[in-house]
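A.B. asks: My questions all concern the structure below.
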Amino acid sequence: MIIGALISLVFLTPYLIMLVGSLKTRSEILSVPPAYFPQDGLQLGNYQSMWSTPETPLTYNLLSTIIIAVFATLLVLLVATPAAYYTARFRFPGRMVFLFLVIVTQMLQPAVLTAGLFRQMLWLDLNDTWVAMILINAAFNLSFALWIMHSFFAAIPKEIDEAAQIDGAGRLKVLFRINLPLVWPGIVTAVIFTFVSSWNEFAASLVIMSTAENQPLSVALTKFIGQYATSWQYVFGVSIVAIVPVIILFAVIEKRLIGGLTAGAVK
């Protein structure tokens, strides 16, 4: 237990530093020697004033981030679920090549394709839109979600599908009523990975989203970092705000993940 507590403390320390830093004045953060705790009282006003900075409309940035992450995750699930089921259940020409290409696409990241993505979205007249970032985030997370869900579908005996079909169930009913409850941990894994990846995406958003109101939090955060001065209290505050939705997602989905993992543990 002690070792576990120490390991947890190591991982939580950066977040604690950000939380404490967001409650300090800028001079306290930059003081030498450093002040580990606020000396002039808790600066709760930092969380109020950071929302009203003229160059960074954080309310719109937060809304933009939520919309992009949520709809990119939904799009990935909509495409990856039937694709993973089909590749796991049916043998078709080029199946292994297709799965290999799915893995290869994981090597490609938005950071190295930003110029091409910018030109493509400009050609599609989608530049500086939420749709562009939803499509980009979905595309770059689709391969992982497909591969993970494919592994879960492949682990389900085909006899279960055959028994359901004998009872009169069609393919869609077999997929949604029989298979999906059994691969729930895989779906949760895909949701968490896609949502967090879309929430934190930076490189493509920096190039494609030029309007301040449309930019996600990952890009808006950089505006508090200047060439000669940095508002560290706001950087820490925005970082804390950006972490909260992800924590909520984990809290909501954790019970379902554990429930899916233990659903077949007893007869």
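A.B. asks: Out of 250, 90, 140, any idea which swings most in a Gaussian network model of the chain, alpha carbons joined below 10 Å?
C.D. replies: Among 250, 90, 140, the largest mean-square fluctuation in the Gaussian network model of the chain belongs to 90.
A.B. asks: Springs between alpha-carbon atoms under 10 Å, Gaussian network over the chain: tell me which of 25, 189, 211 tops the mean-square fluctuations.
C.D. replies: The residue that fluctuates most here is 211.
A.B. asks: Could you work out the mean projected area of the convex hull around the alpha carbons of region 58-264, in square nanometres to one decimal?
C.D. replies: Working: hull surface 56.0 nm².
Averaged projected hull area, Cα only: 14.0 nm².
A.B. asks: Which of 157, 185, 82 moves most in a GNM of the chain, Cα contacts under 10 Å?
C.D. replies: 157
A.B. asks: Still on this structure, I have one more. Taking the convex hull of the alpha carbon atoms in region 1-144, what volume per residue do you get, in Å³? Working shown, then result.
C.D. replies: Values: hull volume 32.8 nm³, N = 144.
Dividing the Cα hull volume of region 1-144 by its residue count gives 228 Å³.
A.B. asks: Between the alpha-carbon centers of region 176-191 and region 26-64, tell me the distance in whole angstrom.
C.D. replies: Rounded to whole Å, the Cα centres lie 41 Å apart.
A.B. asks: Along the Cα-to-C-beta direction of residue 106, a point sits 7 Å from the Cα; which residues of region 132-173 have their amide N less than 15 Å from that point?
C.D. replies: Once the point is set 7 Å along Cα→Cβ of residue 106, 140-152 turn out to lie under 15 Å by backbone N, inside region 132-173.
A.B. asks: Convex hull volume of the Cα atoms in region 122-220, per residue, in Å³?
C.D. replies: On the way: hull volume 11.7 nm³, N = 99.
That works out to 118 Å³ per residue.
A.B. asks: Given labels modelled 7 Å from the Cα in the Cβ direction, how far is it in nm from residue 9 to residue 47?
C.D. replies: Output for this residue pair reads 2.6 nm.
A.B. asks: From the P(r) of region 83-165, can you give the percent of Cα pairs sitting at distances over 22 Å? Present the calculation step by step, with values, prior to reporting the outcome.
C.D. replies: Numbers: 1469 of 3403 pairs.
So the portion of pairs separated by more than 22 Å is 43 percent.
A.B. asks: Note down the relative contact order for the chain as a percent, whole number, built from C-alpha pairs under 8 angstrom at least six residues apart.
C.D. replies: Details: 286 pairs, mean separation 82.7, N = 267.
Answer for the chain is 31 percent.
A.B. asks: If you line up the long axis of helix 232-262 against the longest principal axis of the chain, both from Cα atoms, how many degrees apart are they, to the nearest 10?
C.D. replies: That helix lies at roughly 20 degrees to the long axis.
A.B. asks: Additional query: Which ³J(HN,Hα) values in Hz, rounded to whole numbers, follow from the phi angles of region 217-226 under the Karplus curve 6.51 cos²θ - 1.76 cosθ + 1.60, where θ = phi - 60° and Gly and Pro get x?
C.D. replies: Karplus-based 3J(HN,Hα) across region 217-226 equals 4, 4, 7, 4, 4, 5, 6, 8, 9, x Hz.
Quick note: the coordinates plus some simple rules give every number you see, no bench work behind them. All figures in this text were calculated on a predicted structure; none of them were measured in a lab. In this analysis, Cβ positions are derived from the backbone assuming ideal geometry, glycine residues included, and neighbour counts consider all displayed protein chains.
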